[in-house]
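**Student:** Have a look at this one before I ask anything.
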């Protein structure tokens, strides 16, 4: 991992290399396109990465993802895509919308209201999506 990139950028770069190996036309996949390509982590990968697959007595995937959400909020939402991915993954892991909102709200004490507000705005994009222009509900 380079000092210039955040871990999400490194993950996107690794995914781009893998995608290019599988299909050369995917070589120019941007982080926004990557988010659309993989909107949430598959449950099996989530459990392997964030679950207790390697530590049976450890935190659940949901607990680990709530901690990840808190950390992303504390950073002031430097990148929106990882926060949206985490919220989608939390829903897949069984978290309730209120739990997600409460985890973000708690960070106002540590990260400040502006960071909490920005994280809540980004999370709302996943929790309460608005139809695209021209779409009907």
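Each value in this text was obtained by applying a stated rule to the coordinates, not by laboratory testing. A quick note: this is a predicted structure, and the numbers were derived from the prediction, not measured. Methodologically, a virtual Cβ is constructed for each residue, glycine included, from the backbone with ideal geometry; neighbour enumeration extends over all protein chains shown.
**Student:** What list do you get for 63, 89 if you sort them by fewest beta carbons within 10 Å? Display every interim value, and only then the final one.
**Tutor:** Values: 63 15, 89 26.
Final ranking by Cβ density, sparse to dense: 63, 89.
**Student:** How much length is gained on full extension from residue 99 to residue 74, taking 0.36 nm per residue of separation minus their Cα-Cα distance?
**Tutor:** Length difference between fully extended and current span is 7.3 nm.
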